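What follows is one structure encoded as C-alpha cells, with my remarks underneath.
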Amino acid sequence: MTPRRLPPPLLDAALVVVALLDVWVNLDTHEPLRLAFALAAAFSLFLRRRLPLLTFLLTLPAVLLSDAIFAALAALFTLASLTRRRTLLAVCALVFTISDMTSWPSPNFDLSNTSTLITLGYTAATAAAPVFLGQLVQARRDLSLRLAQISEARDHERLLTAQTVLAVERAQLAREMHDVVSHQVSLIAVRAGALQVDARDAEVKEAAATIRRLSVQTLDELRHMVSVLRASGGRPTELTPQPSLADLHRLVESSGIEAELQTDLTDGLPPTVQRAIYRTVQEGLTNVRKHAPGATATVRIRQEGGAVRVTVTNTAPNRPALPLPSAHYGLIGLRQRAALLGGTVTSGPMADGGYELRLELPAMGTP
C-alpha cells in the first residue's frame, strides 16, 4: 500500500517550523540583524515551489551571517528537484559553501590552514547532499511519468490488438454470411418466385409472394450487415433505419399469419423503447408462424401510468408444426434488451393451448 503524502501547504508549514527551530537554537535575540535575516529565510520557504531560485537567494544572507542554515538547505533541495540546469546547481552549491565558510562581517577564509580545508570539505558535502537528493527525487518523478506513459502505450497496443482480432473475426463472419446465408436466401427467393408463377391456387400464390417478398427484404438486410461488418476499422457505417411504432402495422400485415394489432401508443416514446416493442412483436409473430401453424395472433400494446405493456398471444395450432431448428436466442436477446431498459420479458403456454409473450418496460426506458 502506497503511503499517503502530506499536502504541500502542510509540508511547507512543517519546513518553516523546523527552520524557526533552527533559528531559535543558533541565534540570540540580542542580535536583531542576524535574527531578521534568519527569520526572513525561514518564512521564504513558503515560496520555494513557485520561486525556488529566489527562495534560495533569500536564504543566503542567513547563511552568511549566522549558523541557521536549514532554510538554505531546504531551498537548495527544492531547486535541485525542480530544475534541470546542473551548472546552476553547482554554482548555488558553491555559493552556499563559501557563504557558510565565511564569518561575516570579519571573514576568515585561510585555505593554508588544514582545519579550514577539512571544514571546507564538510561544508561542500553538506551543500552537495540536498543537490543530489533533489536530483534523485526529480529522476524518480521522471521515471514514474515514463512508466505511466509506457503503461498507457501498452494499454493502447492491447486495445489495437483486440480491435485487430475483432476486425478479422468480423471479416470472417461477413464472408460466411455472404457465401452461405445470402446464397441460401437468394435460392429461397428464386424458388418462391417460380412457385408464384407456376401455382394455380390463389392461396399458394399469395404464400409464395409473401415468401419471396420476405426473402428479398432479408437479403437486402443481410447485404447491408455484411457491408457493416466489412467496414470495421474504417469509417463507421450507418445502420439501416431502425424500426419504430409507425412500422408495426406493416409488420403485422406482412407476418404471413392472421394477426390483429391493438394499440393506443403514440410516437412520443424514446426510440430505444419503440425498438424494443417492435422487436418483441416481431419475435412473437415469428414464433407463432414457426411453432403454431394455423393459429391466429393478437398483439396488444398499452401504456398504463409510467409503464408500457406488450402482449403477443396466439391460439392453439390447428396442424402440426414443422421441425424447424431453434436455440431460443430470440427470446434471450429480448430479455437482455428489456433488462437494459429496466423492463422484463416473460413467456409461456396458456390454458387454452396457446402461447403468450409479454414485455413490460418503463415508458422512459430507464429503471
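Values for this structure:
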| quantity | calculated |
| --- | --- |
| Restricting the range 298-332 to residues that are among the polar types (S, T, N, Q) and at pLDDT 70 or above, the residue that is nearest to ALA246 (Cα to Cα) | GLN303 |
| Residue that is surrounded by the most Cβ atoms within 10 Å (Cβ to Cβ), among those in the range 178-188 that are among the hydrophobic types (A, V, I, L, M, F, W, C) and modelled with pLDDT of 70 or more | VAL185 |
| Selected residue (only one of ARG34, ARG50 is out of contact with any Phe, Trp or Tyr (no Cβ under 7 Å at 6 or more places or on another chain), of a type in the set (Lys, Arg), at negative phi and at pLDDT below 85) | ARG34 |
| Test for THR59: is it closer than 24 Å to ALA93 by Cβ and either not in a loop (DSSP other than H, G, I, E, B) or not acidic (Asp, Glu) (or both) | yes |
| Filtered residue count, the range 304-319, keeping only those that are within 19 Å of PRO349 (Cβ to Cβ), touching a Pro at 6+ places or on another chain (Cβ under 7 Å) and of a type in the set (A, V, I, L, M) | 0 |
| Selected residue (only one of THR83, THR78, THR59 is touching a Pro at 6+ places or on another chain (Cβ under 6 Å) and of a type in the set (Ser, Thr, Tyr)) | THR78 |
| Test result for LEU269, assigned by TED's automatic domain parsing to the domain that holds LEU334, buried (at least 16 other Cβ atoms within 10 Å of the Cβ) and modelled with pLDDT of 80 or more | yes |
| LEU79 assigned to a helix (DSSP H, G or I), modelled with pLDDT of 90 or more and either in the same structural domain as LEU136 (by TED's automatic domain parsing) or basic (Lys, Arg) (or both) | yes |
| Failed item, numbered, when GLY268 is tested on (1) in a helix (DSSP H, G or I); (2) more than 13 Å from LEU361 (Cβ to Cβ); (3) under 35 Å from the mean Cα position of the chain (by Cα) | (1) |
| Test: LEU39 is in contact (Cβ under 8 Å) with a residue 24 or more places away in the chain and part of a helix (DSSP H, G or I) | no |
| The lone exception for ARG275 - which of (1) over 18 Å from GLY342 (Cβ atoms); (2) surrounded by fewer than 20 Cβ atoms within 10 Å (Cβ to Cβ) it fails | (1) |
| Number of the exception - ASP67 against (1) farther than 20 Å from ALA127 by Cα; (2) charged (D, E, K, R); (3) over 51 Å from the mean Cα position of the chain (by Cα); (4) not in a helix (DSSP H, G or I) | (1) |
| Which listed residue, of ARG141, ARG146, ARG175, ARG191, is assigned to a helix (DSSP H, G or I), under 30 Å from LEU222 (Cα atoms) and modelled with pLDDT of 75 or more | ARG191 |
| Lone qualifier among LEU39, LEU21, LEU10, LEU60 - being at pLDDT 85 or above, over 22 Å from VAL131 (Cα atoms) and surrounded by 16 or more Cβ atoms within 10 Å (Cβ to Cβ) | LEU39 |
| Residue among GLU157, GLU169, GLU206 that is modelled with pLDDT under 80, in a helix (DSSP H, G or I), more than 30 Å from ARG49 (Cα to Cα) and not assigned by TED's automatic domain parsing to the domain that holds ILE277 | GLU169 |
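The values are calculated or read from the model by the stated rules, or taken from the named source; none is laboratory data. The structure displayed is predicted, hence computed values, not measured ones. No Cβ is skipped: glycine too gets one built from the backbone with ideal geometry, and neighbour counts run over all protein chains shown.
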